[in-house]
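Data first, discussion second: the structure below is written as structure tokens.
The values are calculated or read from the model by the stated rules, or taken from the named source; none is laboratory data. What you see is a predicted model; the values in this text were computed from it and never measured. As a convention, Cβ positions derive from the backbone with ideal geometry for all residues, glycine included, and neighbour counts pool all protein chains shown.
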Amino acid sequence: MAAFKASNDTVSHPVYDLLTGAISAKIGLDKVETVICGSAPIDGDALAFFSVLLPKAKVLEGYGLTESSGGVAINNAFNYPDYKSFGTVGEPVGECEIKLVDHEHKGAGAERGEIWIRGANVSDGYYDGTDDAGRMKIKSIQDKDGWFATGDVGVWDEETGGLRIVDRIKNIFKLQVSHTHTPMAHIDGILLWPRT
């Protein structure tokens with residue numbers, strides 16, 4: 001990210017500015033006001049490039065899950081641009097709580113640990129069929145105190161106070177068709193190094 005220069009709430013790069021300025025204006029990217037990235041950690045250089053490509057947009061990074069009905073954490077738009085926070089997903093949103101739990105010892109307060117979330121936005125559980133009377137059954141996903149273990153591993157960034165996603169507990173896909181677990185590294189290998 002050293003090639004990018006932050007000043008007066010903008011990010012600039014001498015070559016990218018020439019290449020993207022006219023293109024951005026021609027296709028309307030200069031009118032975009034906010035972009036929120038999620039789903040996987042995004043590289044700081046990529047975020048800085050988005051800031052050049054979308055000159056008026058706030059490019060933010062967030063974190064959420066299906067089980068949390070969307071967002072759990074997001075970078076603070078009011079502190080934008082704070083390029084030190086690139087690579088973090090920010091602080092918890094609303095009434096959502098986040099704690100890091102040592103996934104091997106199940107102790108809270110770990111410096112690096114599994115991300116557990118709690119709040120009104122967290123689902124009670126998964127659909128688990130119906131009982132004999134035809135009532136829907138729910139398989140709980142929360143512990144007795146209402147915490148949901150996400151399977152993601154995070155750390156609190158000392159400089160920004162934001163959450164940084166660094167790993168997964170298990171990198172697998174659960175395939176419903178064959179009821180097998182396929183390591184993501186195996187799938188990545190096939191996608192990155194296809195047989196010719």
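Please work out which one of (1) of a type in the set (Lys, Arg); (2) modelled with pLDDT of 80 or more; (3) under 30 Å from Arg168 (Cα atoms) is the condition Lys84 fails and give its number. Answer for Lys84: the failing condition is (2). For Val11, the requirement of being under 30 Å from Gly125 (Cβ atoms) and either assigned to a loop (DSSP other than H, G, I, E, B) or modelled with pLDDT under 80 (or both) is not met. Among residues of the stretch 41-61 that are more than 17 Å from Val15 (Cβ to Cβ) and modelled with pLDDT of 75 or more, those with a Cβ under 8 angstrom from a residue that is part of a loop (DSSP other than H, G, I, E, B) and among the acidic types (Asp, Glu), sequence gap 6+ or separate chain, pair up as Lys56/Glu33; Ala57/Glu33; Lys58/Glu33. Condition (residue is among the small types (Gly, Ala, Ser), assigned to a strand (DSSP E or B), at pLDDT below 85 and surrounded by fewer than 16 Cβ atoms within 10 Å (Cβ to Cβ)) applied to the stretch 111-126: is it met by at least one residue? The answer is no; no qualifying residue exists.
Per the conditions (1) at pLDDT below 90; (2) touching a Ser or Thr at 6+ places or on another chain (Cβ under 8 Å), the sole criterion not satisfied by Cys96 is (1). Kindly establish whether Thr180 is modelled with pLDDT of 80 or more and of a type in the set (S, T, N, Q). So Thr180 fails the test. Of everything listed in (1) surrounded by fewer than 17 Cβ atoms within 10 Å (Cβ to Cβ); (2) modelled with pLDDT of 90 or more, the single unmet condition for Trp147 is (1). Residues of the stretch 157-165 include none that is out of contact with any Leu (no Cβ under 8 Å at 6 or more places or on another chain), assigned to a loop (DSSP other than H, G, I, E, B), over 30 Å from Asn75 (Cα atoms) and modelled with pLDDT under 85.
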